[in-house]
1. In the range 85-108, what count of residues is obtained for those that are at pLDDT 75 or above, assigned to a loop (DSSP other than H, G, I, E, B) and not small (Gly, Ala, Ser)?
2. Report whether or not Asp288 is of a type outside the set (A, V, I, L, M, F, W, C) and part of a helix (DSSP H, G or I).
3. Whether any residue in the range 645-657 is at pLDDT 80 or above and in a helix (DSSP H, G or I) is what I want to check.
4. Restricting the range 400-425 to residues that are more than 37 Å from the chain's Cα centre (by Cα) and surrounded by 13 or more Cβ atoms within 10 Å (Cβ to Cβ), which is farthest from Ile383 (Cα to Cα)?
5. Checking Phe181 against (1) crowded, with 23+ Cβ neighbours inside 10 Å; (2) of a type in the set (Phe, Trp, Tyr); (3) over 14 Å from Ala269 (Cα atoms), only one condition comes out false. Which one?
6. Can you tell me which residue is nearest to Gly481 (Cα to Cα) among those in the range 544-573 that are small (Gly, Ala, Ser) and touching a residue at least 12 places away in the same chain (Cβ under 8 Å)?
7. For Gln573, all conditions in the list (1) modelled with pLDDT of 85 or more; (2) among the polar types (S, T, N, Q); (3) over 30 Å from Val333 (Cα atoms) hold save one; what is the number of the exception?
8. If we scan the range 317-332, do we find a residue that is farther than 19 Å from Leu633 by Cβ, in contact (Cβ under 8 Å) with a residue 12 or more places away in the chain and either in the same structural domain as Pro233 (by TED's automatic domain parsing) or among the small types (Gly, Ala, Ser) (or both)?
Amino acid sequence: MSGPTSDPNGNSNANSNSFNTAFNPNSNSNGTGAGDGDVSPRRRQSSRHIRLPEHLNRPHLNAKHRTLSDALRAVRSREEQETLLGADEELVDPDGCVREDGGVTGPREIFCPDPHAELTVYYTIHRIRRIILASIDDPYTADQLKEPRMNVLIVKPLVDRLWDEDDVSIVYCLLVNRMQFLREQHFQHHHQTVNLTRANLCELVAMKILRKHDEESTGRPGLLLLANILVAPFQPFQNAPPDICPERHNLDYFSQGGYEGKMTALEVAIISESKMFLSCSASQKIIDSVYRGRVIYTPTSFLDIIPDHYKHKPISLYDPRKAPLLNQYRLIVPRTRNIIEVVQFMILLGLFYLCMMNRENTSFTTSEMWFIVYAAGWVVDEIASMLEHGWQVHTQNLWAFLDITFVGIYAVYMTIRIHGWFTGSVEEARQALDILAIAAPILFPRLAFNLLPENMLFISLRAMMKEFLALSLIAVWCFGGFLLALKWLSMGNDKVDFEDSPNPITISKWMLWIWFGLDGTGIQEAPAFHEVLGPALMVIYAFLGNTLFLTILVAILSNTFSKIAADATAEIQFRRAVMTFEGVKSDAIFAYRPPFNILAIVFLLPMKFVLTPRWFHKINITLVRVLNAPFLLLIALYERNNLWKPLRRRGVLGPSKRSAWKFWSWNNFSVHADIQAVFDEEPPQEIIDKIDEEDDVEPAVLENSFGGTRSRSMSPGSMMPRRRRLSSVWQG
């Protein structure tokens, strides 16, 4: 491992003078400050504080040992984020996008060009790779990289070296390098653990750089800066030498105006499973803003069934009060998409129930026809989701394996059902409905996955199902030799006729019963294969299958569950990030509810080749607004009252909300209503001043968060917190 340089005495420069502390210069030998004549004794007693060097002021602490400052920072960040649009004088476009271009009043371009096109992404990617390779030569675990000593020697110097407040692609480049190191560990086994360490280091540095951006920039500019870091699209060969750039043959049909092939840092974090990065507070701030629709952007996609890229919106805040009532772009907000998908699936489940309860083998019933049409639209929506961001991202969804299984069952059912209808075969019709019936164990649990997406049972069940399937396939492959051996022994037994010998299906059934310990018929029938070798093979198989295999299976599943439960918060937040990223849709087909998406493909898709992009866009948004008018109106009415919270200003906004609605508020019917109501408003100024006089801890801690309470630090004009000069406290 190569680290910081050392002095002639052998001491690292990074650690030299690391614990040189100094007392407050404003205090004298008696511990009293120069201007403390009128300060209370309790305040004078707490005026002496220890100052730490800057690089040791905030050592790394894991999620289980968060300091009070970290907790208050997260709370203040969420509160300020919800009140960033408290003023009414902002410059807002007709579509609700808040302008951040320095007060320029001219019309915004219809297709916003890439504001980060000049960044040298290719150069930064290879620069980071060379730095990481030079920094780590020995394997370390992820916990070892988080230790304070490693933070001082390696992590923080890397953060300082790569930090650039004007380059929003650093985090993206770090996560791209993490993907490459994870890929190399599968091919270079002699460097496997070292590459894993390098991948973890890239993730840790990316997290710290993102957190540093969060600390340096606050308010609305800080939120937009973090949004640009996470959801702005980049291309790995951006600004690379022309002779090494790969040739791309993009069809005009799939053209995205120069955004083709670009990915965001959030997408790279998802496919590389950077759970530590996605679970940090800065990432979750943007993920929550995108999920609720406070931060909007135009996503990129892999393939679009119905592409409509006439407009491209920049990353901006959304003001629903100045947006049109029928805003079709709100249909791609992840929270709205989640509600829509749950309703769509409940309709599918209801039609499936009616279809199976009224099944008829001789002809199509009305319930079955409704199910076929609606399920076809639902399958089209699912296929479009797979094409939107690719297979690797789609399968990270919690219930993706259930959806894919149902798509396969529906395809087999439709194939057999249509063939039986053409041939007039009642038997094929019955078999098709029987195949459709096995979709019930898929559809009913899927609804539970939708309603409880953050339940640890479902999160662990998805991972354990993957392990169980892989181990079961290996076991079937290995135990297939026992099946062939027993069949060949029965064929060579002269005491048993060839016609009376058990067939492979019967032998497989006996072996399956032994595997799960249900029945011992296979052991009893073993002498029929061979007097000696038959029982020997069955007993060996019983030991391997029923004892050894199940023991290994239980151990692996227990280990998988314990790993997930040990880091439950990161797992939940990772799934939340996947749901958010997949919820922002680019394909126009997602604006049409099943089965209208089938009609859109039939009628709207041919227009793409005939009309100009402008007229195709006009027709598309007109149809979307007409078909979704009631739903869009409900979204607009809800978001105008609940998307942003108004900034509380005592004496300016008049009576408080609590006093205005106290006579008929539902909280008044609760015995514990006052417990919540006491925090609804900021305390009066005289209470805050009294707290500051008696206790010096709160201002000192808030100095490391956002500089004081929100009622005093938020300026109505700029909505930016003002920092107060306060004494430092020990942050060990």
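The values are calculated or read from the model by the stated rules, or taken from the named source; none is laboratory data. In this text, all values refer to a predicted model and were calculated from it rather than measured experimentally. Backbone-built Cβ (ideal geometry, glycine too); neighbour counts: all protein chains shown.
1. 4
2. For Asp288, the condition - of a type outside the set (A, V, I, L, M, F, W, C) and part of a helix (DSSP H, G or I) - is met.
3. no
4. By that ranking, first place goes to Ser425.
5. (3) is the only condition that Phe181 fails.
6. Start the filter on the range 544-573 by keeping residues that are small (Gly, Ala, Ser), which leaves 545, 555, 558, 562, 565-566, 568, 570.
So of that shortlist, the ones also touching a residue at least 12 places away in the same chain (Cβ under 8 Å) come out as 545, 565, 568, 570.
Working: Gly545: 13, Ala565: 38, Ala568: 41, Ala570: 43 Å.
That would be Gly545.
7. All conditions pass for Gln573, except number (3).
8. Initially, the range 317-332 is screened for residues farther than 19 Å from Leu633 by Cβ, giving 317.
When the remaining residues are screened for being in contact (Cβ under 8 Å) with a residue 12 or more places away in the chain, the result is 317.
Retained after the next criterion (residues that are either in the same structural domain as Pro233 (by TED's automatic domain parsing) or among the small types (Gly, Ala, Ser) (or both)): none.
Scanning the range 317-332, I find no residue that is farther than 19 Å from Leu633 by Cβ, in contact (Cβ under 8 Å) with a residue 12 or more places away in the chain and either in the same structural domain as Pro233 (by TED's automatic domain parsing) or among the small types (Gly, Ala, Ser) (or both), so the answer is no.
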